[in-house]
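The values are calculated or read from the model by the stated rules, or taken from the named source; none is laboratory data. What you see is a predicted model, and the numbers here were worked out from it, not measured in a lab. Heads up, the Cβs are rebuilt from the backbone with ideal geometry, glycines too, and the neighbour counts pull from every protein chain shown.
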Amino acid sequence: MTASTIRNGIEHLYKLGDGKFAIFNSLTLKIAYGNEHLRRAFDAHKDNKTSTCGTAEMSVLAELVKNRVIISRTDQDNLINELKHSIETSEIATLYLLPTLDCDTSCSYCIVRDIARERWDCRKSMEHEEIFHALKTFYILSSNSKRRRDIVIFGGEPSMVPDIVNQIGRTVRDDFDDHESNLVVVSNGIGIHRIIQSIRRYDIFPIISIDGYAGRGNMSRGNYEIESCFKALRESGMHFGLSITLGKHNIIGFEKEILSIVDQFKPLEIGINNYLHSRLDCYPNEFYLAGEDISELLFRLYIHLAERGIFFEQLLRRMRPFIEETPRLKECPACGGKIVFLPDRTMGRCEYFSLNRLHLLEYSNPFSSIAMTNNEWAKLSPINWGYCKDCECRMLCGGGCIYDNYSATNSVETRDRLRCDQDRMTLRLMILALYNLLNRPDDDVFFPTVEEKRKLYFNAKDDEFVPLQSSSRAGEFNFRSAK
């Protein structure tokens, strides 16, 4: 499938094969499918030669305008201004707590432990007073948020400090009487027995980080630890999610192995991450995999998982804005909607910047510190970046990970090129998959509705009250609800 871009940068033509084409508007997120009449109408519009169009092409152009696949320059400017205005302020609704930076594994691709050992005293964990201070600060900052709160216990490995995990659960559920927020712990699962009572008692959703059955990538764990972890969770009657890393260390046989794990352990949701963070002085991560083959692999896995009713977070984070026509203006809540706390009374906006002691906030005076910088972070979005203005994925990618952008380009306002390429390939796979699902080869031109686009969910449940779905909605803008 090939693509060319029209003069104003927001309308894109795709050749699907067998004389079929698609036009996608990267601002309105509307799409049209059709035959040669569609292509000719596109070419005439692109070259400002609509006066030479035949009757069929003029009819197609009228339908493209009516369905907002083609919009005027004035409408384009108005929409961009509306979107820019929507992100000028952000509500803080996400808290990351890193109670320890130590870990009981040595994953070769992970940068956290190496940076922590260079820049931090890993023997230190957050103290009880720091936990209460972090949570109290977060509840004050998020008091006016319309979004559901997300509180994520991260690391390092949280199960190495089980008393702190228990305190976090008790403080959230009992002291603050908060039974609505998503409370999540991300763990490698090896020490799950140390925190499982806290998980069950305080309704903490566990996300278990794995690479596969065999403990690949110098993970220092094998079948027994993984299986015993999931067995313990199942016996406790608990749902859980998986966070799976894909890299050079486990690409061989990855698809088959992941589907086997899913069928055996039946997680509620899954994240599969090939965007491996890198050290600031060593980009990209040596285990990072990119390219057309990886995009196609992940898209196949999305279909397999969605058919099983399982939410695949990284793909649906791109898929939902395309389907629901809700532009994704930010990839991460760190762009004005998130705070993080680390040991040694450290506060920041992003755990990876904070690990590097960059963009820290003032621990003892957080409200003033946030007020002075929140507007700057809230505006980190491709809607504000000239670099992205002609990109077909401008309203789907959210600008990518700000830390990765900085690692790749030394700027938080220029995208990581490797991620751009993968996002564009993913969009093209979505466009082709939707066309095949709708199965309307005899229609000259047609315009899929949102309801028809929802076929791309297959059996996956897009439930905003499951943790990864909730956080993945951060940064989306709904034109319909804004009216």
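General remarks:
- Per-region count, segment 272-302, residues over 15 Å from His249 (Cα atoms), outside any loop (DSSP other than H, G, I, E, B) and of a type in the set (S, T, N, Q): 1
- The number of residues in segment 160-180 that are buried (at least 21 other Cβ atoms within 10 Å of the Cβ) and either among the charged types (D, E, K, R) or not in a helix (DSSP H, G or I) (or both) comes to 1.
- Flag if Phe465 is at pLDDT below 95, of a type in the set (A, V, I, L, M, F, W, C), surrounded by fewer than 21 Cβ atoms within 10 Å (Cβ to Cβ) and touching a Leu at 6+ places or on another chain (Cβ under 6 Å): no
- Hits in segment 188-198 (condition: at pLDDT below 95 and either surrounded by fewer than 21 Cβ atoms within 10 Å (Cβ to Cβ) or not in a loop (DSSP other than H, G, I, E, B) (or both)): Gly191, Ile192, His193
- You will find that of Lys20, Lys84, Lys66, the residue that is under 25 Å from the mean Cα position of the chain (by Cα) and among the basic types (Lys, Arg) is Lys84 and no other.
- For the residues Leu268, Leu259, the requirement of being modelled with pLDDT under 90 and closer than 21 Å to Ala460 by Cα singles out Leu268.
- Residue identified as hydroxyl-bearing (Ser, Thr, Tyr) and either at pLDDT below 90 or farther than 19 Å from Cys332 by Cβ (or both) among Tyr288, Tyr275: Tyr275
- The condition of being of a type in the set (D, E, K, R) and closer than 29 Å to Arg473 by Cα holds for only one of Glu129, Glu118, Glu91, that being Glu91.
- Glu157 being surrounded by fewer than 21 Cβ atoms within 10 Å (Cβ to Cβ) and acidic (Asp, Glu): no
- From the list Arg117, Arg149, Arg201, the lone residue that is free of Cβ contacts under 8 Å to residues at least 12 places away in the same chain and surrounded by fewer than 22 Cβ atoms within 10 Å (Cβ to Cβ) is Arg117.
To keep it simple, each residue is scored yes or no on (1) surrounded by 18 or more Cβ atoms within 10 Å (Cβ to Cβ); (2) of a type outside the set (S, T, N, Q); (3) under 30 Å from Glu118 (Cβ atoms).
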| residue | (1), (2), (3) |
| --- | --- |
| Lys231 | no, yes, no |
| Arg234 | no, yes, no |
| Met238 | no, yes, no |
| His249 | yes, yes, yes |
| Ser260 | no, no, no |
| Asp263 | no, yes, no |
| Glu269 | yes, yes, no |
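- Selection from segment 347-370 of residues that are touching a Leu at 6+ places or on another chain (Cβ under 7 Å), free of Cβ contacts under 8 Å to residues at least 40 places away in the same chain and either surrounded by fewer than 19 Cβ atoms within 10 Å (Cβ to Cβ) or more than 22 Å from Arg113 (Cβ to Cβ) (or both): Ser369
- Among the conditions (1) surrounded by 22 or more Cβ atoms within 10 Å (Cβ to Cβ); (2) closer than 22 Å to Glu331 by Cβ; (3) at pLDDT 95 or above, the only one that Leu64 does not satisfy is (2).
- Residues of segment 303-332 that turn out to be of a type in the set (Gly, Ala, Ser) and part of a helix (DSSP H, G or I), as a count: 1
- Test: residue in segment 172-183 that is of a type in the set (A, V, I, L, M, F, W, C), touching a Ser or Thr at 6+ places or on another chain (Cβ under 8 Å) and closer than 22 Å to Phe230 by Cβ: no
- Hits in segment 426-445 (condition: closer than 17 Å to Ala290 by Cβ and either among the aromatic types (Phe, Trp, Tyr) or under 16 Å from the mean Cα position of the chain (by Cα) (or both)): Thr426, Leu427
- Only a single item in (1) over 23 Å from Ser381 (Cβ atoms); (2) part of a loop (DSSP other than H, G, I, E, B); (3) touching a helix residue (DSSP H, G or I) at 6+ places or on another chain (Cβ under 6 Å) is not met by Cys335, and it is number (1).
- Which numbered condition Asp203 fails, given (1) at pLDDT below 90; (2) within 20 Å of Val165 (Cβ to Cβ); (3) over 21 Å from the mean Cα position of the chain (by Cα): (1)
- Segment 114-164, residues that are farther than 12 Å from Ala93 by Cα and under 23 Å from the mean Cα position of the chain (by Cα): Ile153, Phe154, Gly155, Gly156, Glu157, Pro158
Conditions tested, residue by residue: (1) among the aliphatic types (A, V, I, L, M); (2) within 16 Å of the chain's Cα centre (by Cα).
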site	(1), (2)
Ile272	yes, yes
Asp281	no, no
Glu286	no, no
Arg300	no, no
Arg317	no, yes
Arg320	no, yes
Glu325	no, no
Ala334	yes, yes
